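Asker: Sharing a structure here in structure tokens format.
The values are calculated or read from the model by the stated rules, or taken from the named source; none is laboratory data. Remember, predicted model here, so these are calculated numbers, not experimental data. We place every Cβ from the backbone using ideal geometry, glycine too, and count neighbours over all the protein chains shown.
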Amino acid sequence: MKKLFKSMFVLTALSTAVLFTSCGGDDTDGETKVFAAPTLTVNDGVKAFSSSLALDTVEIKVVASADTDVKLAKVSITRAIVGQSTFVVAEETLTAKDLIKNYIDALDVVIDEGDVITYTVKVEDAKGKSTTTSFTVTIESMVTSGQILIGAPSNTTNEYRFFGVADGFRRYRAGSTGVDLAKDNSAKIDFIYFYNTAGNVQNALYSPDFAFAAGTGWATEVATWPTKNRTTYKLTSINASEFDALTGGTFMTELQTIDFEVGMLDRVSNLSVNQVYAFKKSDGKRGLIKVGSPAAGATGQILLIVKVEL
């Protein structure tokens, strides 16, 4: 009888142990559940972009989610610039499964041309799992074109009559047949060139929204454009050598000396070699354009070089 009682006691103890083991909160069919790290997307996945020295704020869009049955516990964002101390932009405690939020970094430090700003975003969940990603902002104040050659209206060798800053200062053609047609790319056109035989016009740059008189200039062509950007110009006192020397910070400083609200024109005419004009595009971006050499007549071509803020 004693042996039977002892055997029953051992069996009961074993059954109790199995019962306690099978009731673990994170177990599924006796196996421990493994939780995945949070998902994290910053700025819709854009890893790098450029900005000018005028940059004063950076927006950081964070979208994160914890695994099923887990909540996010923390988000942190840091900023690093070579030669400067790492700065904590944001650090926040969370108790939600999902996070969708825009954070703003109000830059209160000195930035220079060529600086690369690295932002690191980290989210952590209540299980201690974390995910980290980063993106960079490169300070590039301006972009310079190569030599842009635009043909006068009767030039049959160079049929490009218009161009814009977009797509590497791409040029466009008039008409309705062929490639690189202006009518199909009007939203990208910032500059119109036309050579008029009239003595006080000759080589001239126009705004795409210039009101050509019916039957003159590019009136018929522009009428087919769904978009007519506005670009305005004014002659500056900058000489060719000074223009060539402008890079980065000196370019931005030079722009600050120009009043882009007074004396701006939708057409500048009688262009001559080494003149430098200031311009302002529809999107507010400002720049300088140098006349390398004007066309000698309606069958010639003009050479232009452009520097524009990013």
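Asker: For residues in the stretch 285-303 being among the small types (Gly, Ala, Ser) and assigned to a strand (DSSP E or B), which is surrounded by the most Cβ atoms within 10 Å (Cβ to Cβ)?
Answerer: Per the criteria, the residue is Gly287.
Residue by residue, here is whether (1) assigned to a loop (DSSP other than H, G, I, E, B); (2) free of Cβ contacts under 8 Å to residues at least 40 places away in the same chain holds:
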| site | (1), (2) |
| --- | --- |
| Ile192 | no, yes |
| Tyr195 | no, no |
| Phe212 | yes, yes |
| Pro226 | yes, no |
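Asker: Has the stretch 269-284 got at least one residue that is crowded, with 17+ Cβ neighbours inside 10 Å, of a type outside the set (D, E, K, R) and in contact with a Gly (Cβ under 8 Å, 6 or more places away or on another chain)?
Answerer: Checking the stretch 269-284: at least one residue is crowded, with 17+ Cβ neighbours inside 10 Å, of a type outside the set (D, E, K, R) and in contact with a Gly (Cβ under 8 Å, 6 or more places away or on another chain).
Asker: Further question on the same structure: Quickly run through the stretch 232-259 and pick out the residues that are at pLDDT 95 or above and surrounded by fewer than 16 Cβ atoms within 10 Å (Cβ to Cβ).
Answerer: Listed by number, the residues that qualify are Leu235, Ser237, Asn239, Ala240, Ser241, Glu242, Asp244, Ala245, Thr257, Asp259.
Asker: Within the stretch 45-64, can you find the residues that are crowded, with 16+ Cβ neighbours inside 10 Å, of a type outside the set (Val, Ile, Thr) and at pLDDT 95 or above?
Answerer: Ala64
Asker: So Asn274 ticks every box in (1) on the phi > 0 side of the Ramachandran plot; (2) part of a helix (DSSP H, G or I) but one. Which box is left unticked?
Answerer: So Asn274 meets the others, but not (2).
Asker: Please return the ranges of strands (runs of 3 or more DSSP E) entirely within the stretch 116-187 where 2 or more residues are of a type in the set (Gly, Ala, Ser). It would help to see each step written out before you state the result.
Answerer: Numbers: elements: 116-125, 130-139, 142-144, 148-151, 160-163, 171-173.
Counting at least 2 such residues, we get 130-139.
Asker: Then there's this: Restricting attention to the stretch 134-191, report how many residues are among the small types (Gly, Ala, Ser), surrounded by fewer than 19 Cβ atoms within 10 Å (Cβ to Cβ) and more than 16 Å from Thr224 (Cβ to Cβ).
Answerer: Residues flagged as among the small types (Gly, Ala, Ser), surrounded by fewer than 19 Cβ atoms within 10 Å (Cβ to Cβ) and more than 16 Å from Thr224 (Cβ to Cβ) within the stretch 134-191 amount to 6.
Asker: So which pairs qualify, if the first residue must be in the stretch 28-53 and among the β-branched types (Val, Ile, Thr), the second must be assigned to a loop (DSSP other than H, G, I, E, B) and modelled with pLDDT of 90 or more, the Cβ gap must be under 7 Å, and the two must be at least 6 apart or on different chains?
Answerer: none
Asker: Does Asp112 count as over 15 Å from Phe49 (Cα atoms), free of Cβ contacts under 8 Å to residues at least 12 places away in the same chain, exposed (fewer than 13 other Cβ atoms within 10 Å of the Cβ) and not aromatic (Phe, Trp, Tyr)? Even if it seems obvious, please write down each step before you answer.
Answerer: Values: over 15 Å from Phe49 (Cα atoms): yes; free of Cβ contacts under 8 Å to residues at least 12 places away in the same chain: no; exposed (fewer than 13 other Cβ atoms within 10 Å of the Cβ): yes; not aromatic (Phe, Trp, Tyr): yes.
No, not satisfied.
Asker: Another question, if that's okay. So the check is Cβ under 7 Å with 6+ separation or different chains; which pairs have a first residue in the stretch 85-103 that's not assigned by TED's automatic domain parsing to the domain that holds Val123 and surrounded by 13 or more Cβ atoms within 10 Å (Cβ to Cβ) and a second one that's in a loop (DSSP other than H, G, I, E, B) and not charged (D, E, K, R)?
Answerer: Hits for this filter: zero, empty list.
For (1) small (Gly, Ala, Ser); (2) farther than 22 Å from Lys281 by Cβ, each residue gets a yes or a no:
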| position | (1), (2) |
| --- | --- |
| Ile192 | no, no |
| Tyr206 | no, no |
| Ala214 | yes, yes |
| Trp218 | no, no |
| Lys234 | no, no |
| Gly248 | yes, no |
| Thr253 | no, no |
